[in-house]
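Taking it in order: structure first as structure tokens, then the write-up.
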Amino acid sequence: MHPATEKLVSALKELSIQVDNCNYEERGYHFEIDLEADKLRVLAECMLAQEMFLGFVGGLHVKPAIEIVYQFASFERACRFVVRVPVAADNSIPTISDIYQGANWHERETRDFYGVNFTDHPNLVPLLLAEEDVDLKPLLKKDEDLKESAELRWAAPVEEKPEAEKAEQG
Amino acid sequence: MPPELLRMIIAAVLVVAFVFLNAMILGYMERKVSAHIQRRPGLMEVGPHGVLQLLIDGLKLIGKQLVVPEGSNKFLFRLAPVLSFAPCVLPFVVIPFSKKLQIVSMDISLIFILAMTSINVIAILVAGWASNNKYSLFGTFRSVAQAVSYEIPMLLSILSVILVTSTFSLSGIIAAQKYYWFILIQPLAFIIYFISGMAETNRAPFDMPEAESELTAGFHTEYSGMGFSFFFLAEYANMFTVCSIATVLFLGGWKGIPLPLGDYTGIFWFMLKVYGLLFVMIWVRWTFPRVRFDQLMTFCWKYLIPFALANLLITAVLVKLI
Amino acid sequence: MGNLVGDNAVHVDLEPVTDIPNDNHFYLNMGPQHPSTHGVLRVLLEMDGEYVVEAQPVLGYGHRMQEKMAEHKNWMAFMPNTGRMDYAAALPYNHGYVALFERLCGIEVPARAEYIRVITSELNRIVSHHLWIGAMLLDMGAFTPILYTFDDREQVLDILEDVTGSRLTYCYFRVGGVCKDIDDKFIEKTRAFIKRQRERFTIYNDLITGNIIFIKRTEGVGIISPDMARRYGITGPVLRGSGIAYDVRKNEPYSVYPNFDFEIPVGQNGDSYDRYMVRLLEIEQSLRIIEQALDQLPEGPFLGKAPKKMKMPTGDCSFTVEAARGELTYYLVSGGGDIPYRLKIRVPSYSNLSVLPELCQSMLLSDLVAAMGSMDLVIPEIDR
């Protein structure tokens, strides 16, 4: 593993964030994190301090709670993270747009599509939808199509190859 | 009818006809030259190689609906194109096309022409203000600042020539170029005058006031039909005026290799020189991008004016000594 | 001149804009129809004379909800949509999409198909950069370069039309390969184009790169620092103009890019001129890649085996490609079956445009046009 990536993973471990290695050939990203909403901002600050950039912020409508997906990557080496955070019971989640300003628009779009409220966002008005379609929430699934979060995870175990050989991406 | 009045009427008709004819020829030249620079054939449809295109364009523009914007000052809105066009016709009365082809010969013809071209600033101001449109207002601000600023180097470079000839009369200036053209003794003044002339007539690379990609069309955004075509005609007439002054002052006017009936056929050389300069203007337009507005003003105030002043000073000293 | 509109004029009650904090400022609307916003983009500008105090892009005029369409269509039905998001350089979008399914389901792609994909994607990148150069210069008032670049574009569009059938919105790749093979005529024409293009660089350098007015309009305009780029997630030539050598083709290589020898041009200052130089040099690098690919092109099938009805495993998958404007990521969540549960498309111009409010404070309006032009935005991909 690239030394900078190791540093990042250990910094995350210090914040008691669980980082899972993934098979890049199969998934397209190197590390996966399932996070609680209260650790989100700490993670974002750590990522910025370790010089990662924010790829995107997207939503995923599953049971029991909508999950917000964050993808972080690095300019210098191959090191891609996918972070999943379920929203709170009142459909809200803290914003990271003061840490990563690029998240500003991504969060507005996610609110447009899913109705998730990003607390403390400076300007949470519709971005892609029209002003009158504030409550449209087009990407929310109908009940019969909605799946459990566990149903959408990889069935086979994550670790398939020895860690040293597989994680030699960076 | 007294012969003077008859002469004046014929002259007026000729001048207006010439202005329209010039716009046609210049418009055709612009479109053809720009097309060939851009690697395409250009006008080909109407008439052989598109020579009748401009005529048809004129007829089309006459037939268009005249839209007056709702919140505009209706009187001023309709006044502006007329205010722009009318003073552009007058300089043609004093331009010496040939030795005997000058309609009126005044002692102060040059000042008269400069005064007439300055009225254009007011017309632009009125047009932009009366349109009740922020884009037009923007174009107006820029245009007024540009026109007023670039008049100074223009005047200074003209003054350098006047110092040599001691007369404002255009025919007198041509007569003074008996042995050599003034461009040989005033090259810097010629360059400064030409650049200022391009800026005065809002030609690229100084066409910020009509910057299409920023302001949609600047001060003539809201005009359609004949209103628009008046501005269009005024611009071409101004271009012709600027180039003819450059020809008269620096390139010897209608002087050239003597032709039979020399007093009248001097017009051939005159037109050749003027259209040569117009060709250079068109060439420059299609080569360079637009100069940014503050760079435009910097160029005028920090470069052109000091050079023009220096040129004037040196000329004054040399005239005194020689 | 009479007022022909008269009493039948339609009265529109516009709400007056209230709460402008400073009386000397006024609001100017750039767009949605405007010659300089490449697509339907509205930028709300608060102006103080010629200076921009605040610039707010307003999006959504071209929003088609591609991501919802992806949740109801199988991969074959959604393929044409990928060509319509970024119409100026559609093949990398095709590529990311099919490669996503190939990665998810473990489908093998024959070597020849990979090479064809690379050749056509790089040709598409060249086409997109040419369009950008012409359009950027047009924004700045130079009417001639766009016709020269469109001339070069026509050569490539003819080549690509023979093999893909489209000139603009390509739908050429399939899961497992490409849908039609390239023949000797294609190879010949491409080699002729490469030779011709190298000679055209002198024209561009004389007319544009060395043009003093162009340099003055773009040097020092719209400087993006590396830190700003990181916070906004900026990628592509905009990022490389600021000095960071990040290119997905080198960082997380995909397809057969590891087999080629090419460089990543970077700028130093992060201004509009550097972004222009980066793209001009990238054209040359793309020519290099195409040349090497044509030399190495293997024989073989152009379409591998792919099931007609895709059986996706449950799980999520991400695929990142280097589109003409930056890093394009497709992120798919599948619950089995052949229709995705969720497809997230991360588009490069989206993040690039979001830097506009911070970039444009106290900038002249003309500089705003130059800076926005240098970011190479295609609004349909932003709006999806």
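What follows is calculated from the coordinates using simple rules that are stated; it is not laboratory data. Bear in mind that the values here come from a model prediction, so they are computed numbers and not experimental data. So basically every Cβ, Gly included, is an ideal-geometry build from the backbone, and we count neighbours across all protein chains shown.
Here is how the numbers come out for the structure above:
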quantity: Coil-residue GluC sites (Glu not before Pro) of segment A:1-42, DSSP, other Cβ within 10 Å capped at 15; calculated: A:Glu36
quantity: Exercise: per-residue mean of other protein chain Cβ atoms within 10 Å, C:306-315; calculated: 2
quantity: Estimated vicinal HN-Hα couplings, Hz - segment C:138-145 in sequence order (Karplus 6.51, -1.76, 1.60; Gly, Pro = x); calculated: 5, 4, 8, x, 8, 8, 8, x
quantity: Net charge, A:Ile17 excluded, C-beta distance under 10 Å - Lys, Arg +1, Asp, Glu -1; calculated: -1
quantity: Counted charge near C:Gly267, where neighbours are those whose Cβ lies closer than 12 Å (Asp, Glu -1; Lys, Arg +1); calculated: -1
quantity: Amide H contacts under 5 Å for C:Gly177, placed H, 5+ residues apart; calculated: C:Gly304
quantity: Burial ranking of peptide ranges A:65-73, C:300-308, B:167-175, A:140-148 (average Cβ count within 10 Å, highest at the top); calculated: A:65-73, B:167-175, C:300-308, A:140-148
quantity: Relative packing of B:244-254, B:81-91, C:38-48, B:64-74, which averages over residues the other C-beta atoms within 10 Å, highest first; calculated: B:244-254, B:81-91, C:38-48, B:64-74
quantity: Partner chain coverage, peptide C:359-370 - average Cβ within 10 angstrom; calculated: 3
quantity: Cβ-placed point charges (K, R +1; D, E -1), dipole of chain C about Cα centre in debye, nearest 20; calculated: 1460 debye
quantity: Alpha carbon convex hull of the protein assembly as shown, volume per residue in cubic angstrom; calculated: 206 Å³
quantity: ³J(HN,Hα), Karplus 6.51/-1.76/1.60, whole Hz, each residue of segment B:313-321, x for Gly, Pro; calculated: 4, 4, 4, 4, 4, 5, 5, 5, 7
quantity: Distance between segment B:255-322 and segment A:1-67 - C-alpha centres, whole angstrom; calculated: 67 Å
quantity: For chain C, calculated [θ]222 nm from helices alone, where every DSSP H run of n ≥ 4 adds -39500 (n - 2.57); calculated: -14000 deg cm²/dmol
quantity: Order by protection proxy (mean Cβ within 10 Å, highest first), peptides B:147-159, C:341-353; calculated: C:341-353, B:147-159
quantity: Charge dipole of the protein assembly as shown about the Cα centre (unit charges at C-beta), most positive-ward option of B:Gly266, C:Met85, A:His2; calculated: B:Gly266
quantity: Pairwise centroid distance, computed over Cα atoms, of segment C:147-224 with segment C:20-93, Å; calculated: 25 Å
quantity: Inter-label distance, nm, simple model (7 Å from Cα along the C-beta direction), C:Gln33/A:Glu132; calculated: 2.1 nm
quantity: Binned Cα-Cα distances of segment C:151-309, short to long, each 10 Å bin given as a whole percent; calculated: 9, 28, 34, 22, 7, 1
quantity: For residues of A:23-30, the mean tally of beta carbons on other chains within 10 Å; calculated: 5
quantity: Sum of side-chain charges, A:Ser92 neighbourhood, beta-carbon under 13 Å (Lys, Arg +1; Asp, Glu -1); calculated: -3
quantity: Fraction of alpha-carbon pairs over 38 Å apart in chain B - percent; calculated: 15 percent
quantity: Check: the protein assembly as shown dipole with +1 on Lys, Arg Cβ and -1 on Asp, Glu Cβ, in debye; calculated: 3260 debye
quantity: Taking C:Cys171, B:Cys300 and counting other C-beta atoms within 10 Å, the order from fewest to most; calculated: C:Cys171, B:Cys300
quantity: Count, lysine Cα pairs under 18 Å in chain C, 8 or more residues apart or across chains; calculated: 9
quantity: ³J(HN,Hα), Karplus 6.51/-1.76/1.60, whole Hz, each residue of segment B:144-153, x for Gly, Pro; calculated: 5, 4, 5, 5, 5, 5, 7, 5, 5, x
quantity: Angle in degrees between helix B:109-130 and the longest Cα principal axis of chain B, rounded to the nearest 10; calculated: 20 degrees
quantity: All-pairs alpha carbon distance profile, segment A:3-142, 5 Å steps from 0, percent; calculated: 2, 10, 20, 23, 19, 14, 8, 4, 1, 0
quantity: Estimated FRET transfer efficiency when R0 is 25 angstrom, pair B:Val16-B:Val67 (beta carbons, to 0.05); calculated: 0.45
quantity: Rounded to 10°, Cα long-axis angle of helix C:365-374 versus longest principal axis of chain C; calculated: 0 degrees
quantity: Nearest 10 degrees, 0 to 90: helix A:103-114 Cα axis against chain A principal axis; calculated: 60 degrees
quantity: Dimensionless Rg ratio for chain C, taking C-alpha atoms and the 2.2 N^0.38 Å reference; calculated: 1.06
quantity: Rounded to the nearest 20 debye, dipole of segment A:3-142 from Cβ charges on Lys, Arg, Asp, Glu; calculated: 300 debye
quantity: Debye equation applied to the C-alpha atoms of segment C:44-197, log10 I(q)/I(0) at 0.18, 0.19 Å⁻¹; calculated: -1.11, -1.17
quantity: Separation between Cα centres of segment C:344-380 and segment B:101-171, rounded to whole Å; calculated: 39 Å
